[in-house]
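What follows is a set of notes on a single structure, which appears directly below.
Read-outs: derived from the displayed coordinates by stated rules, not from any lab. Just so it is clear, the structure is predicted and the values come from calculations on it, not from any experiment. Backbone-built Cβ (ideal geometry, glycine too); neighbour counts: all protein chains shown.
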Amino acid sequence: MALFGRIISIQLIHGVFMSIKYYGMFTDAGNALIMGVVETAKRAELDWAQVMDLLYDLSTLDGFEEATDTEVREAVYMELSNGQ
């Protein structure tokens, strides 16, 4: 959970929450966390296996179980592979 707390902190500092993208999560909070994972993956140049580890870890938390659903994984993969 500490990692996700840091992701949220980074998002708040950089004003990322001004516009939350939709990644297939059931809540805005979930989409915001996934957005943080995507931004972290871009900045840290994580490979897909590392991103999947983050999504899996997030999916073990109450309220974010859908983080490894196909729709979420595909949305994250598309954004990372497009370099957006």
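Listed values, structure above:
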| read-out | value |
| --- | --- |
| Paramagnetic label zone (point 7 Å from Cα along Cα-to-C-beta, LYS21; backbone N under 16 Å) in segment 37-52 | 37-48, 51-52 |
| Positive minus negative residues near ALA67 (Lys, Arg vs Asp, Glu; Cβ under 9 Å) | -3 |
